[in-house]
Amino acid sequence: MKKTDKNKLEEFIRVDHAGERGAIKIYEGQLLALNTLIKDENLKKTIEKMKVHEQEHCDYFEKEIKKRKIKPTKFLPLWDLLGVGLGFGSTILGKKAAMLCTASVEEVIDEHYSNQIQQIENDEKKLKDKITKFRNDEIDHKDIAYEEGATKKGFYSILDKIIKTGSKFAINISEKI
């Protein structure tokens with residue numbers, strides 16, 4: 001039986017932990033805006049539901065980090081700040097921007113998780129199954145975001161590129177450091 005490379009596994013778990021925690025921070029920033037400056041109860045409920053999934057994902061990777069003795073990325077404090085800022089900033093731009101934030105991040109994560117799933121061998125079936133489930137949750141979040149008004153027209157296409165570039169940058173750094 002072919003074994004999954006140990007270093008790759010550590011990178012996967014480190015970056016997935018950081019990413020899921022980042023998603024929570026984005027939603028926390030969005031909820032902060034919704035609880036202070038912007039009043040949209042429906043959007044708030046939608047974000048709260050998606051945040052529950054992200055917490056489940058993060059909790060799983062938190063346990064894996066501890067169980068496998070993997071060091072989390074050194075950039076967690078920075079990602080936390082940037083995540084809250086991105087969530088807050090996108091939400092004060094309006095519902096379309098807030099939902100585009102979710103859609104853009106989830107499109108990057110869909111591709112990211114898909115690549116990981118292809119590289120994980122059967123010796124890590126439980127991890128592979130969890131990442132597959134989490135990927136499906138993220139695809140659901142992306143679909144919800146588009147149903148709720150995310151768009152890439154006009155200014156939003158620039159915002160999409162900025163969010164995706166930042167997400168890919170954070171992934172590349174978090175895998176290694």
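What pairs can you find where one residue is in the range 118-133 and under 15 Å from Lys3 (Cβ atoms), the other is charged (D, E, K, R) and surrounded by fewer than 12 Cβ atoms within 10 Å (Cβ to Cβ), and their Cβ atoms are less than 8 Å apart, with a gap of 6+ or different chains?
Glu121/Lys2; Glu121/Lys3; Asn122/Lys2; Asp123/Lys2; Asp123/Lys3
For residues that are assigned to a helix (DSSP H, G or I) and in contact (Cβ under 8 Å) with a residue 60 or more places away in the chain, tally how many sit in the range 141-166.
Step one: filter the range 141-166 for residues assigned to a helix (DSSP H, G or I), giving 141-147, 155-166.
Now narrow it down to the ones that are in contact (Cβ under 8 Å) with a residue 60 or more places away in the chain: 141, 144, 156, 159-160, 163-164, 166.
Total meeting the criteria: 8.
Looking only at the range 23-32, which residues are farther than 24 Å from Ile173 by Cα and either free of Cβ contacts under 8 Å to residues at least 40 places away in the same chain or crowded, with 23+ Cβ neighbours inside 10 Å (or both)?
Filtering the range 23-32 for residues farther than 24 Å from Ile173 by Cα gives 30-32.
Once the filter is applied, which keeps residues that are farther than 24 Å from Ile173 by Cα and either free of Cβ contacts under 8 Å to residues at least 40 places away in the same chain or crowded, with 23+ Cβ neighbours inside 10 Å (or both), the range 23-32 yields only Gln30.
Of the residues Glu111, Glu20, Glu107, which single one is in a helix (DSSP H, G or I), under 13 Å from the mean Cα position of the chain (by Cα) and without any contact (Cβ under 8 Å) to a residue 24 or more places away in the chain?
On the way: Glu20 fails: without any contact (Cβ under 8 Å) to a residue 24 or more places away in the chain; Glu107 fails: without any contact (Cβ under 8 Å) to a residue 24 or more places away in the chain.
Just one listed residue meets the conditions, Glu111.
Can you work out which of the residues in the range 1-18 that are of a type in the set (Val, Ile, Thr) and more than 16 Å from Ser167 (Cα to Cα) is surrounded by the fewest Cβ atoms within 10 Å (Cβ to Cβ)?
Among them, the one singled out is Thr4.
Which residue, of Lys71, Lys128, is more than 15 Å from Gly19 (Cβ to Cβ), out of contact with any strand residue (DSSP E or B) (no Cβ under 8 Å at 6 or more places or on another chain) and not in a helix (DSSP H, G or I)?
Details: Lys128 fails: not in a helix (DSSP H, G or I).
Step by step, each of Lys71, Lys128 is checked, and only Lys71 is more than 15 Å from Gly19 (Cβ to Cβ), out of contact with any strand residue (DSSP E or B) (no Cβ under 8 Å at 6 or more places or on another chain) and not in a helix (DSSP H, G or I).
Test Lys63 against the stated conditions and say whether it is basic (Lys, Arg), more than 13 Å from the chain's Cα centre (by Cα), surrounded by fewer than 20 Cβ atoms within 10 Å (Cβ to Cβ) and closer than 11 Å to Tyr27 by Cβ. Reasoning before the result, please.
Values: basic (Lys, Arg): yes; more than 13 Å from the chain's Cα centre (by Cα): yes; surrounded by fewer than 20 Cβ atoms within 10 Å (Cβ to Cβ): yes; closer than 11 Å to Tyr27 by Cβ: no.
Here the answer is no, as Lys63 does not meet what is asked.
Taking the residues in the range 33-53 that are of a type in the set (A, V, I, L, M, F, W, C), surrounded by 13 or more Cβ atoms within 10 Å (Cβ to Cβ) and within 15 Å of Ala97 (Cβ to Cβ) as candidates, determine which candidate is farthest from the chain's Cα centre (by Cα).
The extreme case among them is Ile38.
If the requirement is being closer than 17 Å to Phe134 by Cβ and of a type in the set (D, E, K, R), which of these qualifies: Lys39, Lys63?
Working: Lys39 fails: closer than 17 Å to Phe134 by Cβ.
Of the residues listed, the single one that is closer than 17 Å to Phe134 by Cβ and of a type in the set (D, E, K, R) is Lys63.
Residues Lys3, Lys8, Lys44: which one is out of contact with any strand residue (DSSP E or B) (no Cβ under 6 Å at 6 or more places or on another chain), in contact (Cβ under 8 Å) with a residue 12 or more places away in the chain, assigned to a helix (DSSP H, G or I) and more than 17 Å from Ala145 (Cα to Cα)? Talk me through it step by step, then tell me what you get.
Values: Lys3 fails: assigned to a helix (DSSP H, G or I); Lys44 fails: more than 17 Å from Ala145 (Cα to Cα).
Unique residue meeting the criteria: Lys8.
Would you be able to tell me the number of residues in the range 66-88 that are of a type in the set (Gly, Ala, Ser) and surrounded by fewer than 17 Cβ atoms within 10 Å (Cβ to Cβ)?
Of the residues in the range 66-88, the ones of a type in the set (Gly, Ala, Ser) are 83, 85, 87.
Imposing the further condition that a residue be surrounded by fewer than 17 Cβ atoms within 10 Å (Cβ to Cβ) reduces the set to 85.
Result for the range 66-88: 1.
Read-outs throughout are calculated quantities, based only on the coordinates presented, and are distinct from any laboratory measurement. Just so we're clear, the structure is a prediction, and the values are computed from it rather than from any experiment. FYI the Cβ positions are ideal-geometry reconstructions off the backbone, even for glycines, and counts take in every protein chain you see.
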